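Novice: Please find one structure pasted underneath; my questions will follow.
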Amino acid sequence: MVSAELLRSLPQEVAEGYQSVGSSERNLVARADMKIRWLENTALNRLADPVKLAARNI
């Protein structure tokens, strides 16, 4: 189970997405792997979008 501190540190839309990833997966290792890959992909996508990145820095 992810700590509340991690969820508070994430942007709201990322935290909501993170919580929903792998929710139907029964295997805890597979679920953790899905969440890690989802976080990696989300971070890469956010960094690759300069418009969103610039908007966050305003």
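Derivation of every value follows stated rules applied to the coordinates shown; laboratory data play no part. Only a predicted model underlies this, so the values are computations on that prediction, with no experimental measurement involved. With ideal geometry, Cβ positions are generated from the backbone for all residues, glycine too; neighbour counts draw on all protein chains shown.
Novice: Residue by residue through the range 6-17, what is 3J(HN,Hα) from phi via Karplus (6.51 cos²θ - 1.76 cosθ + 1.60, θ = phi - 60°)? Round to whole Hz and write x for glycine and proline.
Specialist: Once θ is set to phi - 60°, the couplings for the range 6-17 become 4, 4, 5, 7, 8, x, 3, 5, 6, 4, 5, x Hz.
Novice: Give me the distance in nm between label points sitting 7 Å out from Cα along the Cα-to-Cβ direction at Trp38 and Glu25, one decimal.
Specialist: Placing both labels 7 Å along Cα→Cβ, they lie 0.9 nm apart.
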